Amino acid sequence: MAKGDTKKKSDVSKKPISNNKSAMKKRKTPVKKSTTSKKSTSKKKTMTTAKSVVAMQAPTVKTKSVPIKKIDSVQTPIVKDLTCCCPEFKPKPWDKKEIKWNGKFFVKDTIISLFHIPLNFGSVMKRNYKKIKAASAETKNPIVIVDELSPFHSHVYIGVTKPVAKCDDVKLTGQFLSRVFEGPYSGMKKYIKEMNEYVKSKGKITKKNYFFYPTCPKCSKKYKKNYTVILAEY
């Protein structure tokens, strides 16, 4: 009886051990499931936050495009007005003529050049024309002459009907011989040589040359003519 009892006791002691192992395994499995569920929920949260960030940024892109359209709509009419700013030039009243000025009004300013190529001509003309318009001193037939003092600077004279406030007002008095030349600006040396010969043929001596460009480069392309008027003061 003692031996039988020992066997039963050993069997009983072994069974709980196997049950404990299976119980431990069962307890471990739900722990793993809980970690995966946390990762999946964290991924969902990150996706939702990313979508919310994109949704918040989308309206800012639309608001930036609005002022750009407004700027374009304002600038377009200005560009259209500048496509044709010069009247068509008629050379006959200026070619091979004698001109006398007695105290003719001009607004004088300085232009910076690089080998006779003006660098700030547009800005100089713009600031002076604002003052001329404000003073109602515009001429019917505008004339702008340049003296081309050196390759690096020159004086520009804008014809006006009366003195203009806050401008360098000058009066030109003298006698001039004029010639009209048609062609590119690269032929300027040739034009000056022909002008000097013309003045000599009239028995005169040139004191100073003035250059009148009746049309801007854009309008010269439109009219397909590029004129240069040289006024030789004698």
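The values are calculated or read from the model by the stated rules, or taken from the named source; none is laboratory data. Given the structure is predicted, the values throughout are model-derived calculations rather than measurements. Glycine gets a Cβ as well: all are built from the backbone with ideal geometry, and neighbour counts include every protein chain shown.
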Tell me, yes or no, whether segment 175-193 has at least one residue that is on the phi > 0 side of the Ramachandran plot and in contact (Cβ under 8 Å) with a residue 24 or more places away in the chain. yes
Those residues of segment 98-127 which are within 20 Å of the chain's Cα centre (by Cα) and of a type in the set (Ser, Thr, Tyr) amount to 123
Across segment 202-234, what is the number of residues that are under 20 Å from residue 154 (Cα atoms) and free of Cβ contacts under 8 Å to residues at least 40 places away in the same chain? 3
Which ones in segment 92-130 are part of a strand (DSSP E or B) and either in contact with a Gly (Cβ under 6 Å, 6 or more places away or on another chain) or under 30 Å from residue 203 (Cα atoms) (or both)? 97, 98, 99, 100, 101, 102, 103, 104, 105, 106
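If you take the residues of segment 154-195 that are acidic (Asp, Glu) and in a strand (DSSP E or B), which of them is nearest to residue 122 (Cα to Cα)?
Of segment 154-195, the ones acidic (Asp, Glu) are 168-169, 182, 194.
Now drop any that are not in a strand (DSSP E or B), which leaves 168-169, 182.
Working: 168: 18, 169: 19, 182: 23 Å.
Going through the qualifying residues, I end up with 168.
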Checked segment 158-209 for anything within 30 Å of residue 134 (Cβ to Cβ) and of a type in the set (Lys, Arg); matches are 162, 166, 171
Scan segment 197-234 residue by residue and report those that are exposed (fewer than 15 other Cβ atoms within 10 Å of the Cβ), assigned to a helix (DSSP H, G or I) and either more than 39 Å from the chain's Cα centre (by Cα) or at pLDDT 95 or above (or both). 197, 200, 201
Residue match in segment 140-152 (condition: modelled with pLDDT under 90 and closer than 22 Å to residue 221 by Cα): yes
